[in-house]
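The values are calculated or read from the model by the stated rules, or taken from the named source; none is laboratory data. Since the structure is predicted, the reported quantities are computational estimates derived from the model, not experimental observations. Every residue, glycine as well, gets a Cβ built from its backbone with ideal geometry; the counts of neighbours run over all protein chains shown.
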Amino acid sequence: MKGGVMSTVPGSVAPLDGLAKPGFLTEFLRDTFALADVELRKLLRDPLELLTRAIQPALWLLMFGQVFGRLRAVPTGGIDYLTFMVPGILAQSVLFIAIFYGISVIWERDLGILQKLLVSPAPRTALVLGKALSAGVRGLSQTVVIYVLASLMKVRLRFGIELLGVLLFVVLGSAVFSTFSLAVACLVKTRERFMGIGQVLTMPLFFGSNAIYPLAIMPGWLRTFAKLNPLSYEVDALRALMVQGGQSIFGLSFDFWVLAIVLVVLVLVTAKLYPNVIR
């Protein structure tokens with residue numbers, strides 16, 4: 001950052017004395033939002049990606065939701081199964097986008113962009129957080145898709161102040177899983193390995209959560225895994241905020257702090273791993 005000294009060796013770590021200098025937070029936020037802006041401009045140049053991402057949640061709602069809604073075998077706490085399922089499908093859509101976000105780091109390395117970012121004055125945490133924020137905005141596009149589809153299917157949604165909470169948790173959840181994805185990319189370093197690991201991770205995270213069935217009907221070992229799974233807390237918050245009659249099991253404040261703490265930890269870990277991509 002300005003006023004501080006930072007080595008231009010990609011593997012080095014920026015000194016911590018800049019944290020105490022005036023204006024550090026301002027410059028940190030500026031660097032973070034600058035990188036997020038770059039990432040979002042890429043998305044605007046390829047809007048077809050947003051359309052293709054809408055196909056999967058549409059299939060889940062139109063097919064899976066309609067079929068299982070007829071069974072009436074899942075205890076959903078006084079709301080119909082389709083209504084119960086909608087927040088889970090939104091969280092799933094965000095997860096599926098975010099979990100493959102780390103491949104962008106490998107592409108940037110191959111193009112020589114990452115090397116330039118690593119020798120810039122921007123802190124590594126700003127680089128990671130900027131990407132996490134841009135992934136969060138990508139997740140917002142899925143929110144629009146799900147709200148439109150659910151409204152057409154006569155799901156009783158909330159459109160009041162709760163909508164702001166929905167957007168907050170979508171961005172936060174997307175940031176968590178995209179940062180986790182970046183950490184994985186820093187370790188595996190190749191596109192082929194990353195895609196394989198991404199495919200392996202998505203199904204356990206999704207089915208090992210409360211997205212399409214409640215914690216109450218899970219066997220003990222799966223319930224334990226679900227409580228350790230950040231996706232469960234995103235779904236829990238979305239279910240309370242998004243649909244009429246939905247309730248939070250853990251509490252909205254608890255959901256928020258779990259996701260926020262996980263995000264902070266992942267940002268710090270990923271910032272430490274970031275230079276490993278080019279080694």
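Pairs, please: C-beta under 8 Å, at least 6 apart or cross-chain, first residue under 18 Å from VAL86 (Cβ atoms) and in region 241-253, second among the acidic types (Asp, Glu)?
LEU241/GLU162; MET242/GLU162; SER248/ASP236; SER248/ASP255; ILE249/ASP236
Exactly one condition in (1) aromatic (Phe, Trp, Tyr); (2) closer than 20 Å to PHE84 by Cα; (3) surrounded by fewer than 17 Cβ atoms within 10 Å (Cβ to Cβ) is not met by PHE169; state its number.
(3)
Suppose the filter is in a helix (DSSP H, G or I), surrounded by 17 or more Cβ atoms within 10 Å (Cβ to Cβ) and without any contact (Cβ under 8 Å) to a residue 60 or more places away in the chain; does SER181 pass it?
Spelling it out, it is not the case that SER181 is in a helix (DSSP H, G or I), surrounded by 17 or more Cβ atoms within 10 Å (Cβ to Cβ) and without any contact (Cβ under 8 Å) to a residue 60 or more places away in the chain.
Being modelled with pLDDT of 95 or more and part of a helix (DSSP H, G or I) narrows it down to one of TYR233, TYR274, so name that one.
TYR233
For region 210-239, what are the residues that are over 30 Å from ALA126 (Cα atoms), touching a residue at least 24 places away in the same chain (Cβ under 8 Å) and either of a type in the set (Ser, Thr, Tyr) or buried (at least 19 other Cβ atoms within 10 Å of the Cβ) (or both)?
ASN210, ALA211, ILE212, TYR213, ARG239
Quick one: GLU108 ticks every box in (1) buried (at least 21 other Cβ atoms within 10 Å of the Cβ); (2) at pLDDT below 80 bar one, so which box is it?
The number of the failed condition is (1).
State all residues of region 132-166 that are surrounded by fewer than 22 Cβ atoms within 10 Å (Cβ to Cβ) and not in a helix (DSSP H, G or I); if no residue qualifies, say none.
MET153, LYS154, ARG156, LEU157, ARG158, PHE159, GLY160, ILE161
Please count how many residues of region 240-267 are surrounded by fewer than 24 Cβ atoms within 10 Å (Cβ to Cβ) and part of a loop (DSSP other than H, G, I, E, B).
The total comes to 7.
Residues checked against (1) in contact with a Cys (Cβ under 9 Å, 6 or more places away or on another chain); (2) of a type in the set (Ser, Thr, Tyr):
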{"residue": "ALA240", "(1), (2)": "no, no"}
{"residue": "GLY245", "(1), (2)": "no, no"}
{"residue": "SER248", "(1), (2)": "no, yes"}
{"residue": "PHE254", "(1), (2)": "no, no"}
{"residue": "LEU259", "(1), (2)": "no, no"}
{"residue": "LEU268", "(1), (2)": "no, no"}
{"residue": "ALA271", "(1), (2)": "no, no"}
{"residue": "TYR274", "(1), (2)": "yes, yes"}
